[in-house]
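A quick write-up on the structure given underneath.
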Amino acid sequence: MKRDKPISKATFPAIFISFLRLGMTAFGGPAMIPYIRNEVVDKKKWVSEEDFSAGTALAQLVPGATAMQVTAWAGLNTRGLAGSFVAYVGFGLPAFIMICALSAVYISLGNIPAIEAMFGGLKAVVTALIAHAAINFSLRYLSRNSAKFMAFAVGCWLAFNGNPIIILVVMCALSALIFTDITGLNPKEHSQVKYGVKGPLFLIAGAILILTVLFLTGSRFFHLAFTMAKVDLFAFGGGYVSLPIMLHEVVNNYHWMTQSVFMDGIALGQITPGPVVMTSAFIGYMLDGVLGAAVATISVFAPSFIMINLVAPFYDRLRSSAILQRALYGSLISLVGLMAAMTGQFLLTVKPEPGDILILITSFILLRRGTNIVIVVPCCALLSLLFSTLF
């Protein structure tokens, strides 16, 4: 029998503080999900095991950073739409504050030779990180030859400056047509709580209204907000799929920054908690300070937040949709090709110097051996500083 309301009436301050604390240590993206579960299921008993499992499965069916989506679901189960919002903000706030602070330091110290050398090494680490993630996804999703061919085609498309959103849509549609035996992506958990759709619909209307006003008034923030919202809407498969799309829009389309600076933003995101898509805050800060960072961050998280709350009432129907499962598989195949092409682009920015090459190889080996990225990034940054001093 389904319940009509959450199993706990936790206060909003308690929800905010709990997720703020989780957000301060939210390194590793989806790796945070067990910690979120421990907090809301085992310790606080705000969410049942069945409902949390259903939310984890749903987070993989909708776009956006997986850990953020699980956070939104946990808050939704605890205190409805308002609880979802409070949990979402609490979880993401530490990363936003840290990115803004580091972005300010980056701007003020960027011309110091030692700092430039350090970020040169960090670019090598970012390249190794993207390559490592591409290999992991390929091992998981490219078990069949047709999937390998599709991933290769996607990589070639991006390598020749094709729009990643177009190829994502094409591959999702193609996957929905040709694959008929997809298994392992269809979760069995059932949602046990009923939800309303009026609140999320009002949020959609509000978001569209804000974008319309920004467009009609010629606001300098319209293109930033629209671009980040677009990045989020097509980020099926987690936060990493947002990076190739973000790279295309920010560097190739709008020319807001160079690819080198974009990579520095990814590096800063890796030494702070939160999802990799928080790179958007760095982009916004570089364009318009704290206000730009706030606009970019809100825009890159709002669509997926609205979506997971909007589709929650239809979870059981979505999880049983064969077409949706096949389309999702197509997005995951595309993710491998996009990240492989992105690795190639980033490799071209790594300086052909012994220090940077050594850092690239070392960081890649450490990541493949399972070393935490939080350890790899600062250690390689220090190693880069050492090389710049000695040579």
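Structure notes:
- Of the residues contained in region 50-66, none is found to be modelled with pLDDT of 90 or more, under 16 Å from the mean Cα position of the chain (by Cα) and open to solvent by less than 10 Å² (accessible area, probe 1.4 Å).
- Scanning region 331-375 for residues that are farther than 17 Å from Gly162 by Cα, polar (S, T, N, Q) and touching a residue at least 40 places away in the same chain (Cβ under 8 Å) turns up Thr349, Ser363, Asn372.
- Inter-residue pairs, beta-carbon under 6 Å, first without any contact (Cβ under 8 Å) to a residue 24 or more places away in the chain and in region 146-168, second of a type in the set (A, V, I, L, M) and assigned to a loop (DSSP other than H, G, I, E, B), 6+ apart: Lys148/Leu142
- Checked against (1) touching a Phe, Trp or Tyr at 6+ places or on another chain (Cβ under 9 Å); (2) farther than 21 Å from Phe234 by Cα; (3) not polar (S, T, N, Q), Leu332 passes all but a single condition, namely (2).
- Checking Ile135, Ile97, Ile115, Ile107 one by one, the residue that is out of contact with any Cys (no Cβ under 6 Å at 6 or more places or on another chain), more than 18 Å from Gly265 (Cβ to Cβ), of a type in the set (Val, Ile, Thr) and surrounded by fewer than 22 Cβ atoms within 10 Å (Cβ to Cβ) is Ile135 and no other.
- Spans of helices (runs of 4 or more DSSP H) in region 247-333 with at least 2 residues open to solvent by less than 20 Å² (accessible area, probe 1.4 Å): 259-270, 279-311
- Residue within region 27-45 that is modelled with pLDDT of 80 or more, assigned to a loop (DSSP other than H, G, I, E, B) and over 18 Å from the mean Cα position of the chain (by Cα) present: yes
- Test: Val295 is over 29 Å from Asp51 (Cβ atoms) and in contact with a Leu (Cβ under 6 Å, 6 or more places away or on another chain): yes
The values are calculated or read from the model by the stated rules, or taken from the named source; none is laboratory data. All values reported here derive from a predicted model rather than from experimental measurement. A quick note on method: Cβ atoms are made from the backbone with ideal geometry, for glycine too, and the neighbour counts reach across all protein chains shown. These accessible areas exclude ligands, DNA and RNA; they are computed on the full protein's heavy atoms, side chains included. Shrake-Rupley method; radii C 1.70, N 1.55, O 1.52, S 1.80 Å.
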